[in-house]
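Colleague: Take a look at the following structure, please.
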């Protein structure tokens, strides 16, 4: 079994010793994304709604670079800095998925960068 590294400038680059994504055995594993605007080190302006949209757009770019798409996601994990923001995050999240959304876990967590309100990782079919 081999693995293929996925990298794109259409999403924020890895800020540590990890890859944006890895394709292995028919799946694409996408590293957790925060709401950094590609090509910058800055968060998207706004609150949880804007950050959720940016995170999902970053995921989408990595998925497409790896030969997948949002409709092929089978599992997401959502990390919220404040679980009280769940309803607002969920409202935006729902707009990115159709009638058959992926399985999902959502947890409150201390996120790795100050200012990050949400981080999402996913596993998708290729």
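Every read-out reported here was derived from the displayed coordinates using simple, explicitly stated rules and does not represent laboratory data. What you see is a predicted model; the values in this text were computed from it and never measured. FYI the Cβ positions are ideal-geometry reconstructions off the backbone, even for glycines, and counts take in every protein chain you see.
Colleague: For the chain, what does the helix formula give at 222 nm: sum of -39500 (n - 2.57) over DSSP H segments with n ≥ 4, over the residue count, nearest 500 deg cm²/dmol?
Modeller: Numbers: 2 runs with 28 residues, N = 126.
When only DSSP H runs of four or more count, the value is -7000 deg cm²/dmol.
Colleague: Starting from the Cα-Cα distance between residue 1 and residue 50, subtract it from 0.36 nm times their residue separation and give me the gain in nm to one decimal. Walk me through the numbers before you get to the answer.
Modeller: Numbers: separation 49, 0.36 × 49 = 17.64 nm, distance 3.85 nm.
So the extension gain works out to 13.8 nm.
Colleague: Using only Cα atoms, find the angle between the long axis of helix 48-65 and the longest principal axis of the chain, and express it within 0 to 90 degrees, rounded to the nearest 10.
Modeller: Once rounded, one gets 10 degrees.
Colleague: Compute the Kirkwood hydrodynamic radius of the stretch 58-118, taking the inverse of the mean of 1/r over all pairs of distinct Cα atoms, and give it in Å to one decimal. Please list the in-between numbers first.
Modeller: Numbers: mean 1/r = 0.0787 Å⁻¹.
It works out to 12.7 Å.
Colleague: Largest first, please: the extent of the C-alpha atoms of the stretch 3-125 along each principal axis, to the nearest Å.
Modeller: 37, 34, 20
Colleague: Another question about this same structure. For residue 75 and residue 40, compute 0.36 nm times the residue count separating them, minus their Cα-Cα distance, and round to one decimal in nm.
Modeller: Working: separation 35, 0.36 × 35 = 12.60 nm, distance 2.78 nm.
Here the answer is 9.8 nm.
Colleague: If you don't mind, there's one more thing I want to ask. Would you kindly work out the equivalent ellipsoid of the stretch 1-65 from its C-alpha gyration tensor and give its semi-axes, the square roots of five times the eigenvalues, largest first in whole Å?
Modeller: Details: eigenvalues 107, 27, 15 Å².
Taking √(5λ) for each eigenvalue gives 23, 12, 9 Å, largest first.
Colleague: Next up: Give me 43, 97 sorted ascending by neighbouring Cβ count inside 10 Å, so fewest comes first.
Modeller: Arranged by neighbour count, lowest to highest, 43, 97 become 97, 43.
Colleague: What's the center-to-center distance, using Cα atoms, between the stretch 9-42 and the stretch 105-122 in Å?
Modeller: 14
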